[in-house]
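Okay, so here's the structure we're looking at.
Coordinate-derived values only; no laboratory data. Not measured: the values here are computed from a predicted model. Cβ: placed from backbone, ideal geometry, glycine included. Neighbour counts: every protein chain shown.
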Amino acid sequence: MRDADDDVRGVAASTMLPINETLATKLSTEELSKLFDTLWDCLAADTDELGSSTGSVMDLLGEPVNCLATQADLSRHINRS
């Protein structure tokens, strides 16, 4: 996903989509941080927000963010109990 070609980044991100939930739940915090950095770099490198990789990169960002938000919500709920 660090390739300069937008199409290559898009294909790389889309190949990871089927395992996105697994990535979100199984990667360590450090590994997730590296993945987020790479994905944000993909978005920042693309000067065209409608580039071919944008949708796949955003989809790939979505699941880990949702899982982290869910974990944070659960953590707050458990801590209240």
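Here are some notes:
- Subset of segment 1-53 [hydroxyl-bearing (S, T, Y) and either under 17 Å from N66 (Cα atoms) or without any contact (Cβ under 8 Å) to a residue 12 or more places away in the chain (or both)]: T15, T22, T25, S28, T29, S33, T47
- Selection count, segment 1-35, where residues are loosely packed, with under 13 Cβ neighbours inside 10 Å and outside any helix (DSSP H, G or I): 4
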